[in-house]
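Nothing in this text is a laboratory measurement; each read-out follows from the coordinates by a stated rule. All values derive from a computational prediction rather than experimental measurement. Positions of Cβ are generated from backbone atoms using ideal geometry, with glycine treated the same way; all protein chains shown enter the neighbour counts.
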Amino acid sequence: MINIKSPIAIIFIFFISGFHLKAQIDINTSLFRARKELFEGNEKGAIQRLNLIIKIKPNHYRAYFFRGIAKYELQDYTGAIEDFSSVIR
């Protein structure tokens, strides 16, 4: 039987439980950084960040809006229309 009070047991439990944790991102910070990249002309970088936000929160309308702007700037008009339509829905 493992003694829960021992430091080795605590480290072992922490180590094992670490495999089940998912990485978390701060949505607001990521959105801010994506907007900054977008306005600095790094549309592809902004799209990558926005894709991550959308993957985590599929109904985040602001992420679709800014991704639509980035796609428009890259002349991906079909993709921009799809993202703007998602904002409206």
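So the values come out like this:
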quantity	calculated
Computed E for Lys44/Val87 - FRET, C-beta separation, R0 25 angstrom, nearest 0.05	0.75
Diffusion coefficient, µm² s⁻¹, Stokes-Einstein with Kirkwood Rh over alpha-carbon pairs of region 28-83 at 4 °C and 1.567 mPa s	121
Thr78 paired with Ile56, simple spin-label distance in nm, labels 7 Å along Cα-to-beta-carbon	3.0
